[in-house]
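Data block below; observations after.
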């Protein structure tokens, strides 16, 4: 048995032991502990892949960035109506005002009234025509989607326009509160009961410690030895946050349903094949736990040099979660015990549940013409 076999078997045991969906689970290594709302939203924004494991710090495309590029690739009849009515300088100034408002951004339907009240104070000469332009745009789904992006950071603009980070309807406090009512779970797996067969691509799981290769001498020794893993979680939560006002699944569905021709613009930065080659999967849910206790016992034996190497890398975290704070000890005959416990009320994101874009939008893949 190899360490990759153990990684596959651990994932199978985790899905069954925590009562998770049988498909779409992608485990994060190391398991992140979001420090604030922005960290949580960045985690949701990263596009997952089809692999079983993913490093949450590895480069990845984002849902928000890809969505904005898709909108920029569509022919939107009302897209320039507001800017044409008030001018680029005032349009950008209004966008900065929206970004600075406290609380969550409103829906696009509130923007005509917001602009009118703001413009009457700052630019009364354009208050009427700007309000009319925005009111006309919100009647068209693609135009309304464009308006909804106004308060948000736009890295595609020249120069980039500052603004809010893409948000979701959940905060860290929301997740922490929901965890309190979630059920507890526990499971045990060992070298005799582990099931190493797994469907799909494994990805690149780490080795015995974080950022290490699964082919190190210590990882091979672990894989060849008898081991026992016990995992208990005080609360296990499958949480499905929804993107904020910046996102419209209806507009994305319009773009997805028509691979050829309108609303796709021949001059846009993306075509259908490129866009949905990037946007193949979307994070639909987070797998969150707290009060986690993990104990790993490995018969080894680990010699003195092995022990020194493992202890020297303890700061990178040890299998299976690679979180800091684990205790690692060895018996005189070289057996190893690793113990990790996380605090109650501290959400740990073990992974995500990914959906294909077709499933996320609730539709079958459209037929794409050849050529």
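Things to note:
- Applying the criterion of being in a loop (DSSP other than H, G, I, E, B) and at pLDDT 90 or above to the residues of the stretch 152-167, the residue that is farthest from residue 255 (Cα to Cα) is 165.
- Hits in the stretch 182-224 (condition: surrounded by fewer than 17 Cβ atoms within 10 Å (Cβ to Cβ), in contact with a strand residue (DSSP E or B) (Cβ under 8 Å, 6 or more places away or on another chain) and part of a loop (DSSP other than H, G, I, E, B)): 183, 184, 202, 204
- Selection count where residues are more than 30 Å from residue 290 (Cβ to Cβ) and out of contact with any helix residue (DSSP H, G or I) (no Cβ under 9 Å at 6 or more places or on another chain), scope the stretch 158-178: 3
- One residue stands out in the stretch 41-55 among those that are assigned to a loop (DSSP other than H, G, I, E, B) and surrounded by 18 or more Cβ atoms within 10 Å (Cβ to Cβ): the one that is farthest from the chain's Cα centre (by Cα), namely 52.
- Of the helices (runs of 4 or more DSSP H) lying entirely inside the stretch 57-127, those carrying at least 3 residues that are under 30 Å from residue 31 (Cα atoms) and not assigned by TED's automatic domain parsing to the domain that holds residue 140 are 63-72.
- Contact map, the stretch 253-281: residues that are under 15 Å from residue 75 (Cβ atoms) paired with residues that are at pLDDT 95 or above and loosely packed, with under 14 Cβ neighbours inside 10 Å, Cβ distance under 9 Å, separation 6+ or inter-chain. Pairs shown: 259/273.
- Of everything listed in (1) farther than 20 Å from residue 14 by Cβ; (2) surrounded by fewer than 20 Cβ atoms within 10 Å (Cβ to Cβ); (3) touching a strand residue (DSSP E or B) at 6+ places or on another chain (Cβ under 7 Å), the single unmet condition for residue 228 is (1).
- Subset of the stretch 21-36 (residues that are assigned to a loop (DSSP other than H, G, I, E, B) and either under 23 Å from residue 57 (Cβ atoms) or not assigned by TED's automatic domain parsing to the domain that holds residue 197 (or both)): 24, 29, 30, 31, 32, 33, 34, 35, 36
- Check on residue 236, crowded, with 21+ Cβ neighbours inside 10 Å, within 20 Å of residue 301 (Cα to Cα), at pLDDT 95 or above and not assigned by TED's automatic domain parsing to the domain that holds residue 149: no
- Number of residues in the stretch 1-39 that are free of Cβ contacts under 8 Å to residues at least 40 places away in the same chain and either under 17 Å from residue 296 (Cβ atoms) or buried (at least 19 other Cβ atoms within 10 Å of the Cβ) (or both) equals 1.
- For the stretch 259-298, a residue qualifies if it is farther than 18 Å from residue 68 by Cβ and out of contact with any strand residue (DSSP E or B) (no Cβ under 7 Å at 6 or more places or on another chain), and the qualifying residues are 259, 260, 261, 262, 266, 273.
The values are calculated or read from the model by the stated rules, or taken from the named source; none is laboratory data. Quick caveat: nothing in here was measured; it's all calculated off a predicted structure. Quick reminder, even Gly has a Cβ in these numbers, built from the backbone with ideal geometry, and neighbours come from all protein chains shown.
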